[in-house]
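Note sheet for the following structure.
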Amino acid sequence: MLPTPAHAPARPPAPAGDLPVAADRLSVRVHASLGAAEADWRAVEATAVLTPYQRYDWIAALLASGLETATRLAIAVIHDRGVPAGILPLKLERHFGCTTARFIGTENGNSDWLAATPAVLQLLTPERLTALLAEIAALAGGIDLFAIFNQPAEWQGNVNPLLALSRLPAPNNLYFVAIKPTRLPYVDHLLPTRHSGKIRRSARRLEETFGRLELRRANTPDELQRQHDTFLAQRAARFAEMGIHNVFGDAAFVRFFRLLAQQSFGEARPALVFHALYAGDTIVATSCGTAVGNHHSHYINSIASGEAARFSLIGVLLARLFDELVGDGITSLDMGTGDFAYKTEWTAPVPLFHSLLATTTRGRLVRQLIAIGSSGKRFIKQNPTLWKWAQAARRLLYRLRHGG
């Protein structure tokens, strides 16, 4: 549970909706709707440490498209001397008599993070954070369990304070690289000569076969539609090979991508952006990403099948994309979760962790169930033999369901 520190000083009653947390400096307010929290949320974004998956625009589009559903929200804003300086964007779910608070967007993002200014992150000692979470639970009408998933131990040089309270290894890693300022092409400084040489040869042969190579960002509705349609077709073919349902073809995901990408046209740090690698008039690969500050998250990609697949399409795509991002001032990049061999050529695996923080006996019981399930998934995914068997079983089930 989250005990109140025994030596915590008594505090005078606070106004409804605003309770002091750390002496006279920190306070917290909980909003029950996205609109009510927007002004505070955007103020936090301007100065906080966060990943792209805590951006207001990202979360708002998830809810507007129906990709994310939530009957109850509890958006907690931490104030530092009255100024919005941190946010926990929570949705409340009730199962088996237990109210669980999760971050909005966990299911469709790559990493959770307590978005806050560096000063607030340093102030959130285990004692202060315990008190803050207890007050959030009270203001939200009762929370049995805070379940915060897939968190890095640190981000942009700042330590994650939640992991001091609860630290359970997550099933997946986040693939991350810090980009050092250097001359372009960046691939020549990132990859071994043998690998960068292979990419250059593939690019040359692609041009000889299909026509001039060009990486284009979608900044008009027509261009977005063509790139998105190609992405959907390419991903459908790839997922069918892997025995996975193509979630990106579901109506809610289609709405989400179109809505947020159009809202991000022309932005220096887009909440969602499509790039496509053209070889002549043919789109041979696509990239969908999101950014905040000087960090870019490579959310998902696709590559063509057929004749073009003989070349290192993902390598050529990423080489062009990295050059563009470095030129735009991006200083770090991640390629999301999920263990694929090509990611290790560009990035390094960073462990992720869950924080399961119970405030009641019911919360402790559910915490145990979640912990057992997560540990089982990690055991399978991090064991190459078991993971290979699991993938084979998944492909078999997919073929049986689809008559293949």
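The values are calculated or read from the model by the stated rules, or taken from the named source; none is laboratory data. Bear in mind that the values here come from a model prediction, so they are computed numbers and not experimental data. Reconstructed Cβ throughout: ideal geometry from the backbone, glycine too, with neighbour counts over all protein chains shown.
Structure notes:
- Tally, over the range 305-317, of residues that are outside any loop (DSSP other than H, G, I, E, B) and crowded, with 22+ Cβ neighbours inside 10 Å: 4
- Selection count where residues are among the β-branched types (Val, Ile, Thr) and either within 28 Å of Ser332 (Cα to Cα) or assigned by TED's automatic domain parsing to the domain that holds Phe248 (or both), scope the range 24-71: 5
- Per-region count, the range 130-154, residues assigned to a helix (DSSP H, G or I) and of a type in the set (D, E, K, R): 1
- When Thr360, Thr344 are checked against the criterion of being under 19 Å from the mean Cα position of the chain (by Cα) and either modelled with pLDDT of 95 or more or outside the structural domain of Gly197 (by TED's automatic domain parsing) (or both), a single residue qualifies: Thr344.
- Picking from residues in the range 181-225 that are under 30 Å from the mean Cα position of the chain (by Cα) and β-branched (Val, Ile, Thr), the one that is farthest from Ala308 (Cα to Cα) is Thr182.
- Long-range neighbours under 8 Å by Cβ, at least six apart or interchain, first residue of a type in the set (Asp, Glu) within the range 151-164, second modelled with pLDDT of 95 or more: Glu154/Asn160
- Residue, nearest to Gln151 (Cα to Cα), within the range 170-200, restricted to residues that are surrounded by fewer than 14 Cβ atoms within 10 Å (Cβ to Cβ) and at pLDDT 85 or above: Ala178
- So Thr282, is it surrounded by 15 or more Cβ atoms within 10 Å (Cβ to Cβ), touching a residue at least 40 places away in the same chain (Cβ under 8 Å) and over 20 Å from the mean Cα position of the chain (by Cα): yes
- Within the range 247-267, the only residue that satisfies the criterion of being loosely packed, with under 15 Cβ neighbours inside 10 Å, closer than 20 Å to Ala304 by Cα and either in contact with a Leu (Cβ under 9 Å, 6 or more places away or on another chain) or of a type in the set (D, E, K, R) (or both) is Gly249.
- Candidates Ser302, Ser297, filtered to the one that is under 30 Å from Leu92 (Cβ atoms) and either in a strand (DSSP E or B) or not assigned by TED's automatic domain parsing to the domain that holds Arg205 (or both): Ser297
- Which listed residue, of Ala23, Ala46, is within 21 Å of Gly105 (Cα to Cα) and either hydrophobic (A, V, I, L, M, F, W, C) or modelled with pLDDT under 95 (or both): Ala46
- Pairs with Cβ under 9 Å, 6+ apart, first in the range 359-371 and aliphatic (A, V, I, L, M), second exposed (fewer than 15 other Cβ atoms within 10 Å of the Cβ): Leu365/Phe96; Val366/His95; Val366/Phe96
- So Thr47, is it more than 16 Å from Thr290 (Cα to Cα) and of a type in the set (Val, Ile, Thr): yes
- Residue in the range 124-139 that is farthest from Arg94 (Cα to Cα), counting only those that are over 25 Å from the mean Cα position of the chain (by Cα) and hydrophobic (A, V, I, L, M, F, W, C): Ala131
- Pairs are defined by a Cβ separation below 8 Å, a sequence spacing of at least 6 or placement on different chains, a first member in the range 207-220 that is within 20 Å of Ser312 (Cα to Cα), and a second member that is among the small types (Gly, Ala, Ser) and exposed (fewer than 15 other Cβ atoms within 10 Å of the Cβ); the pairs so defined are Phe210/Gly280; Gly211/Gly280; Arg212/Gly280.
- Residue satisfying condition, being at positive phi and modelled with pLDDT of 95 or more, within set Gly97, Gly66: Gly66
- Any hit, the range 83-91, residues being of a type in the set (Gly, Ala, Ser) and either buried (at least 21 other Cβ atoms within 10 Å of the Cβ) or not assigned by TED's automatic domain parsing to the domain that holds Thr360 (or both): yes
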